[in-house]
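Contents: one structure, followed by commentary.
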Amino acid sequence: MEKLTVYSHSDCLSKDNGLNHPERKERLESILSSIEEIDELLIEIKEAPLADFDDINLVHPQYFLDDLFSMIPDLGLVGVEKEPYADTLLCVNSKDAILRACGAGIASANDLIGGSKKRLFCAVRPPGHHAETTRANGFCFVNNVAVTARYLQNRFNLKKIAIIDFDVHHGNGTQEIFYADDSVFYGSIHEHPLFPGTGLESETGVGNIFNAPISSGTNSEDFLEIFSNKILKNVDKFKPEIILISAGFDAHKRDPLANINLESEDYYSLTKSIVEIAKRHCNGRVISFLEGGYDLLALSECIKAHLKGLSE
Ligand SMILES: [Zn+2]
């Protein structure tokens, strides 16, 4: 059994999206209290640092960050997008939450390359996979997984990085950032049609993008088979040096924002299958990032299954 490191920070609980918003602090509270209940795994919890702008600039230009943070209100909420997607909101505490969420990935990368850790989970919010190079959307501002991938390549000279995204929504931001970059594999399974509307199988980048759109109502068996055939087989051929996971838990049958019917235990199978490929090609090195997942009970169950799979 591998020891797990979980990065989080109380600043990530201070990001407020107002009443009746699905991306709420209770999501992370549910996850953190669920992690505390786990006694059969070896888990170390560490405080996520604030990310440095120099590192975020590996993906997002400084003018974008300056514009973003200049919109932060002294009171209340400000939407960063126009209708119909007016639910990507900034509050007074947003900046540190955004920097901690990204800093968790940077710290995980440092731990991983330092050699003592192999499996890390970033229990953070806001999520990141919808954030494009110069566009915040889908509750996301900075693309945490993408910055970590670039950081690993630039600071540690890693060449081939795979990002596997099993959030029920397509990671349009991650795809946009790496669309012309064959050093980064991006594989996503997601409900389609659904927000953000991208992620067709025909979107292949430079042969590095693998999209597996699935229909509303897809069950566990079909999901796992498609995930294996369309994503895992291709990442195996890519032979990455490290695997990053965009771990959203909104393909769960209880999730209010989508209509895929995974059971909580399926996240154990999914994660274990990724870890097996990491053992084959990457010396077992995996960093996973919390993305979506909006049902609190499902989150508390799924996180236990995911961490169990990660510790295999
Ligand atoms: Zn999602």
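Taking the condition within 16 Å of the ligand (Cβ to nearest atom), open to solvent by 50 Å² or more (accessible area, probe 1.4 Å) and touching a residue at least 60 places away in the same chain (Cβ under 8 Å), does residue 290 pass? Judged against the criteria, residue 290 is not a match.
Could you tell me which numbered condition residue 18 fails, if it satisfies all but one of (1) at positive phi; (2) in contact with a helix residue (DSSP H, G or I) (Cβ under 9 Å, 6 or more places away or on another chain)? Residue 18 satisfies all of (1) at positive phi; (2) in contact with a helix residue (DSSP H, G or I) (Cβ under 9 Å, 6 or more places away or on another chain) except (2). As a summary of the residue check, residue 63 satisfies the conditions (1) at pLDDT 95 or above; (2) under 29 Å from residue 271 (Cα atoms) except for the one numbered (2).
All conditions in (1) modelled with pLDDT under 95; (2) under 17 Å from the mean Cα position of the chain (by Cα) hold for residue 120, with the sole exception of (1). One residue stands out among those in the stretch 175-195 that are open to solvent by less than 30 Å² (accessible area, probe 1.4 Å) and under 17 Å from residue 251 (Cβ atoms): the one that is farthest from the ligand (Cβ to nearest atom), which is 187.
The set of residues in the stretch 145-167 being farther than 30 Å from residue 255 by Cα and in contact (Cβ under 8 Å) with a residue 24 or more places away in the chain consists of 150, 151, 152, 153, 154, 155, 156, 158, 159, 160. Is it the case, given these coordinates, that residue 74 is part of a helix (DSSP H, G or I), charged (D, E, K, R) and open to solvent by 20 Å² or more (accessible area, probe 1.4 Å)? Against the criterion (part of a helix (DSSP H, G or I), charged (D, E, K, R) and open to solvent by 20 Å² or more (accessible area, probe 1.4 Å)), residue 74 does not qualify. Checked across the stretch 238-254, the condition of being within 15 Å of the ligand (Cβ to nearest atom), farther than 23 Å from residue 5 by Cβ, of a type outside the set (Lys, Arg) and over 18 Å from the mean Cα position of the chain (by Cα) holds for no residue. Here residue 92 clears all of (1) within 16 Å of the ligand (Cβ to nearest atom); (2) in a loop (DSSP other than H, G, I, E, B) except the condition numbered (1).
The values are calculated or read from the model by the stated rules, or taken from the named source; none is laboratory data. Since this is a predicted model, take the numbers as computed values, not measurements. Positions of Cβ are generated from backbone atoms using ideal geometry, with glycine treated the same way; all protein chains shown enter the neighbour counts. Side chains included, ligands, DNA and RNA excluded: accessible areas come from the protein's heavy atoms. Shrake-Rupley method; radii C 1.70, N 1.55, O 1.52, S 1.80 Å.
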